[in-house]
Amino acid sequence: VGLDSGLLYTSRSLGLSRLPLIAEGMNDPGLVARSKWFDQRDPRAANRLLSQLTGKKQLQQVILLGAYYAFENNNFQLYADSSEHYLNRAITLSKTLDEPLLRRQAQSILGKVYVQAGEFIKGNAVFNHLILECQQAGDKLTEAKALAYLGLYTAYAPATTGERIAWLHKAANLYRELGN
């Protein structure tokens, strides 16, 4: 069972939403109310709502659509293009709206998409740029998320084990600093 499948099955069995984990760092109180579609597994509802939203709310919705497909269980390869489409759209929109924190959120999920798909050069480039940007901005939460995604979603292999452990240790240290 993959990590994304485990997350889905665990959240279902416990009756908990995946949204707080996946939307970590998006602190909009109305986001949960607008995102019931996520756990109902109805991205069409999200697309219908998307046309009614503007500004930051629209940007958050686009990120969540990308994340929905990025964290889809078992059939990840079927949805990688959809995830990449929404996340690139979110990155572009975040630049227009001058929302660097949300841009970094979208980049962290996009990096996950690439490393999970085995596109390590693209994924590592996204993550290396993102981690540097987070350090410059003092955004320890997104930096920790990026490092955790690197450690969790990079393919398991003897050659990657040392790096993966190091990324996860760095992520854990940052989360501890944040009291998370």
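Taken as Cα centroids, segment 1-70 and segment 90-153 sit 18 Å apart, rounded to the nearest whole angstrom. Counting charges near Lys95 (Lys, Arg +1; Asp, Glu -1) among other residues having Cβ under 15 Å from its Cβ returns a value of +1. Taking every C-alpha pair closer than 8 Å and separated by at least 6 residues, the mean separation divided by the residue count of segment 35-130 gives a relative contact order of 22 percent. Note on Ile165: accessible area is roughly 90 Å² with a 1.4 Å probe, heavy atoms of protein only. For GluC sites (Glu not before Pro), the sites in segment 104-180 that DSSP calls loop and that have at most 16 other Cβ atoms within 10 Å are Glu119. Of the trypsin sites (Lys or Arg not before Pro) found in segment 1-58, those that fall in a DSSP loop while having at most 16 other beta-carbon atoms within 10 Å are Arg41. Label-to-label distance for Arg176 and His129 is 3.2 nm, based on points extended 7 Å past Cα in the beta-carbon direction. Computed over the chain, the quotient of the alpha carbon radius of gyration and 2.2 N^0.38 Å is 0.98.
The values are calculated or read from the model by the stated rules, or taken from the named source; none is laboratory data. Keep in mind the model is a prediction, meaning the values are calculated, not measured. So basically every Cβ, Gly included, is an ideal-geometry build from the backbone, and we count neighbours across all protein chains shown. Heads up: the accessible areas ignore ligands, DNA and RNA and are worked out on the full protein's heavy atoms, side chains in. Shrake-Rupley method; radii C 1.70, N 1.55, O 1.52, S 1.80 Å.
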